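> Below is the structure I would like to discuss, written out as structure tokens.
The values are calculated or read from the model by the stated rules, or taken from the named source; none is laboratory data. These numbers were taken from a predicted model, which means no experiment stands behind them. Backbone-built Cβ (ideal geometry, glycine too); neighbour counts: all protein chains shown. SASA here: full protein model, heavy atoms, side chains in, ligands and nucleic acids out. Shrake-Rupley method; radii C 1.70, N 1.55, O 1.52, S 1.80 Å.
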Amino acid sequence: MVKKTKPLIIKEPRSTRDGYGQALLELGRNKNIVALSADLTESTRAHHFEKKYPSRFFQCGVAEQNMITMATGLALEGKVPFASSFGVFLPMRCLDQIRISVCYNQANVKLVATHCGLATGPDGATHQALEDVAALRAIPNLTIIEPCDYHQAIRATKAAAKLRGPVYLRLHRAKLPSLTTSQTKFQINKAQVLQKGTKLTIIGSGPILNEVSKAVEHLNFKPEIINCHTIKPLDKKTILKSVKKTKKALIIQDHQISGGLGSAVAELLSQTIPTKIKIIGVKDKFAESGSPEELLYKYKLDSHAILAGIRNLLK
Amino acid sequence: MKLTNLKSLQLMANQVRQDIIGMLYHAGSGHPAGSLGMADIFTALYFNVLKHHPKKPLMKNRDRLILSNGHICPARYAAMSRAGYFPYKELKSLRKINSRLQGHPSRVDLPALELSTASLGQGLGVAVGMALAARLNKQHHTIYCVSSDGEHDEGSTWEAVNAANKYKLNNIINIIDRNNIQISGYTHKVWPLKSLKEKYQAFNWKVFEINGHNFRQIITTIKKAKTLNQPVCIIAYNTPGKGVSFMENRFEWHGKAPDKEKSVLALIELQRARKKLLKKK
Ligand SMILES: Cc1ncc(C[n+]2csc(CCOP(=O)(O)OP(=O)(O)O)c2C)c(N)n1
Ligand SMILES: [Mg+2]
């Protein structure tokens, strides 16, 4: 008989980073799981794990590059390290270490970046990771996942722990309504069709899908909506099947247009079934301080911009 | 405006601290502990030490001041505003949309900041580059870098330390906010740095250790530093949260803005300190 352990529940969780913290805590029952942080333990929600499993938590100080090489060493000796920081420092500061130590070695390191996207808010451009996916997408052997809400972040973290090989989890600070439930299935590399529809396929990843939900309420038809949580490898089958039907695609990510999910989908469609598409994201700019709502509005990633994009595409 | 007597410097630093509390309250986020702890040094820099001109912020022979630990920019913004760079009322725009006062320093928005920073461990290397340029250009200004103990965790900081050694720079002064805290706790627990003094000395820097709340020490040490023929590091032992008793030496106040109640408490305490200062001869 399996001994039942008391569920470990963290109160008031809502953001994707909260989901990560919860899942990491649960995963801690497995003695091979270790966690590292570069002086951002609570901000990345690794502190629950640190408290419960102090001997398997490594505080690395403000030294991200060394954190990644340490994680590689742990992984090569059979541990499953989760190394976390902000998206602007991990991957940015330690991209070389990620490329060579982690990915070239196929080391089983889980890279966890929180505070991704414009929705990071008042800290300003220095803290809004908008280029992380572009920087990582070209590196072989790496799986890139951006869950859309708290529940999906839990599932994604657990799936990442199971997968053998490097994974990058793109997470966020903002607490937003959930688009999935604790029952929703999650499979790496299998995009989730949030809504079946016609005329247009909307493909997105991350909590920005909330803006998509708001936008489509104003339409007199139902577009197909795909939550493409795994950015690499891309679920070509699901995307192609939908776009073959709708013939048009709008792609959105809280990221620079260049190099993000939009680019990944464009690379696929242009080489298979060239399609009229529109990519919504930050247009080659550093943003600024402001509330998430103000920023999404000013930089044209909110529901209004999505609606305008849809109308334009269907003209 | 140059302030030379102790009382006027202390009064100005008190004003800067009040500004910091007001700014963070209005912003609803930000970094009070480091900002308050560095209020005296920024006051000394802008009101006594620096060769600068608020109305001509980019004049050629100005001293350069880089704030490498960008998160404590509220202290710098407040001192700059009081020195005449921009109106006080703009301070309330900190961290708001369309503001020049970004959550972390943006040189593009406010050129007098010299460098956009906040990714820790980059400022000192840029300072080395500026010092080399000054040497090539035969200019005689000083390049000041303000950095934090936390960012001495970064290897890149030590790469820059050795660069200044290699090029035998004599126009660079690194002022370290040695407040013994960082985000996750006390520095000796998070990432032990041991003796910064011995480390810098090993790289042929001249090291001074000062109390970062003592204006006489700050000013005379920098004066001395400028006469030396080697890179200089000034380790300023600071009290994080200085001037607001419930914040002092508490790492929990590294990056949390005071709410209304706490802001009022902080301002009352600072105003009391101001009254006391005014009574002094
Ligand atoms: C490269 C990098 N990694 C992480 C951070 C996040 N961060 C911001 S402040 C800080 C603590 C740094 O310590 P210190 O500057 O001594 O903090 P303070 O004394 O102001 O509390 C960290 C880790 C950062 N800004 N840059
Ligand atoms: Mg410090």
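> Please give the residues from the range B:177-225 for which the solvent-accessible area of heavy atoms, probe 1.4 Å, is smaller by at least 30 Å² with all protein chains in place than with the chain isolated.
Buried by the other chains: B:Ile183, B:Ser184, B:Val190, B:Trp191.
> Take every DSSP beta bridge whose two residues both sit in the range A:192-314, then give the antiparallel share in percent to the nearest 5. Intermediate results must be reported in sequence, preceding the final value.
On the way: 3 of 17 bridges.
Rounded to the nearest five, the antiparallel share is 20 percent.
> Could you compute Rg(Cα) / (2.2 N^0.38 Å) for the range A:256-315, with N its residue count?
Against the compact-globule rule of thumb, the ratio is 1.26.
> Another question, then. How much of the DSSP beta bridge set in chain B is antiparallel, as a percent to the nearest 5?
Beta bridges within chain B, antiparallel portion: roughly 10 percent.
> Quick one: compute the contact order of chain A, relative version, from alpha carbon pairs under 8 angstrom and 6+ residues apart, as a percent.
17 percent
> Mind jotting down the distance between the C-alpha centroids of the range B:28-50 and the range B:155-185, whole Å?
18 Å
> Evaluate E = 1/(1 + (r/R0)^6) for A:Ser270 and B:Ala133, where r is the Cβ-Cβ distance and R0 equals 51 Å; express this FRET efficiency to the nearest 0.05.
0.65
> Which of the pairs B:Lys223/B:Lys281; A:Lys247/A:Lys300; A:Lys285/B:Lys223; A:Lys175/A:Lys283 have their Cα atoms more than 30 Å apart in this structure?
A:Lys285/B:Lys223
> Which value in nm describes the separation of the simple spin-label points at A:Ser178 and B:Gln201, placed 7 Å from the Cα toward the beta carbon?
5.9 nm
> Given that compact globular proteins tend to follow 2.2 N^0.38 Å, what is the ratio of the alpha-carbon Rg of the range A:147-231 to that value?
1.12
> Please return the longest range in chain A lying between exposed loop sites, taking chymotrypsin sites (Phe, Trp or Tyr not before Pro), DSSP loop only, at most 16 other beta-carbon atoms within 10 Å, and leaving the sites out. Show your work: numbers first, answer last.
Details: sites that count: A:Phe221, A:Phe286.
Longest run free of exposed loop sites: A:1-220.
> For chain A, build the convex hull from the C-alpha positions and give me its volume per residue in Å³.
Given the Cα convex hull of chain A, per-residue volume reads 130 Å³.
> Amide H of A:Lys248 versus every other amide H placed in the peptide plane: which residues, excluding those fewer than 5 positions away on the same chain, fall under 5 Å?
Long-range HN contacts for A:Lys248: A:Thr201.
> Convert 20 °C to kelvin, take the viscosity as 1.002 mPa s, use the Kirkwood radius over C-alpha pairs of the range A:96-186 as Rh, and evaluate the Stokes-Einstein diffusion coefficient in µm²/s, rounded to a whole number.
Details: Rh = 14.0 Å.
Reported coefficient: 153 µm²/s.
> Okay, next question. Over chain B, what relative contact order in percent results from Cα pairs under 8 Å that are six or more residues apart?
Numbers: 540 pairs, mean separation 68.5, N = 281.
RCO, chain B: 24 percent.
> Find the centroid of the Cα atoms in the range B:228-281 and in the range A:294-315, then give the distance between the two in whole Å.
45 Å
> So how long is each side of chain B along the principal axes, counting just the alpha-carbon atoms, biggest first, in Å?
51, 44, 44 Å, listed from the longest principal axis down.
> While we're here: At what distance in angstrom do the alpha carbon centres of the range B:77-121 and the range B:55-74 lie from each other?
10 Å
> If each DSSP helix of 4+ residues adds -39,500 (n - 2.57) and the sum is divided by the residues in chain A, what number results at 222 nm, nearest 500 deg cm²/dmol?
Details: 10 runs with 100 residues, N = 315.
-9500 deg cm²/dmol, from helical runs alone.
> Taking the Cα centre of chain A as the origin and placing charges on Cβ (Lys, Arg +1; Asp, Glu -1), which of A:Leu296, A:Met67, A:Leu269 is farthest toward the positive end of the dipole?
In chain A, that residue is A:Leu269.
> Counting Lys and Arg as +1 and Asp and Glu as -1, each charge on the Cβ, what is the dipole of the range A:16-170 about the Cα centre in debye, to the nearest 20? Write down the numbers at each step before the final one.
Numbers: 17 positive and 13 negative charges, 137 e Å.
In total the dipole reaches around 660 debye.
> Taking a quarter of the surface of the Cα convex hull of the protein assembly as shown, what do you get in nm²?
Computing the convex hull of the Cα atoms and averaging its projections yields 29.3 nm².
> Between the helical axis of B:73-83 and the dominant principal axis of chain B, each derived from Cα atoms, what acute angle in degrees is found, rounded to the nearest 10?
80 degrees
> Next question, about the same structure. What number comes out for accessible area per residue over the range B:6-279 if the probe is 1.4 Å? Units Å², please. Mind showing how you got there, number by number?
On the way: 11280 Å² over 274 residues.
Per residue, the range B:6-279 has 41 Å² of solvent-accessible surface.
> Given a 1.4 angstrom probe, I'd like the percentage of the accessible area of the range A:192-314 that is carbon and sulfur, rounded to a whole number.
C and S fraction of accessible area: 55 percent.
> Top to bottom by accessible area (1.4 Å), largest first, where do B:Glu209, A:Glu26, A:Glu217 land? Spell out each step's value before the answer.
Details: B:Glu209 85, A:Glu26 50, A:Glu217 145 Å².
Result, largest first: A:Glu217, B:Glu209, A:Glu26.
> Here's something else I'd like to know. Just reorder B:Arg100, B:Arg178 by solvent-accessible area, largest first, 1.4 Å probe, all chains present.
Order by accessible area, largest first: B:Arg100, B:Arg178.
> Check A:Glu288: other-chain or 5+ apart residues with amide H under 5 Å from its amide H, H built from backbone geometry?
A:Ala125
> Once ligands and nucleic acids are excluded and a 1.4 Å probe is used, how much of A:His115 is accessible, expressed in Å² to the nearest 10?
Number for this one is 10 Å².
> Then there's this: If I take every Cα pair under 8 Å that is 6 or more residues apart in the range A:36-90, average their sequence separation and divide by the length, what percent do I get for the relative contact order?
47 percent
> Additional query: Hey, can you list the residues from the range A:256-301 whose accessible area shrinks by 40 Å² or more with all protein chains present, relative to the chain by itself (probe 1.4 Å, no ligands or nucleic acids)?
With the partner chains in place, the range A:256-301 has these residues losing at least 40 Å²: A:Glu288, A:Ser289.
> While we're here: With a 1.4 Å probe and all protein chains kept in place, how do B:Met130, B:Met1, B:Met23 rank by accessible area, largest first?
B:Met1, B:Met130, B:Met23
> Considering only protein heavy atoms and a probe of 1.4 Å, how much of the accessible area of chain B is carbon and sulfur, as a whole percent?
53 percent
> Okay, moving on. Using the Kirkwood radius built from alpha carbon pairs, what does the Stokes-Einstein equation give as D for the range A:192-314 at 10 °C and 1.306 mPa s, in µm² per second?
111 µm²/s
> If you don't mind, there's one more thing I want to ask. How big is D, in µm² s⁻¹, for the range B:107-214 by Stokes-Einstein at 10 °C and 1.306 mPa s if Rh is the Kirkwood radius over C-alpha pairs?
Rounded, D is 107 µm²/s.
> Next question, about the same structure. Can you tell me what percent of all Cα-Cα pairs in the range A:16-170 are more than 24 Å apart?
Numbers: 2512 of 11935 pairs.
Value for the range A:16-170: 21 percent of Cα pairs lie more than 24 Å apart.
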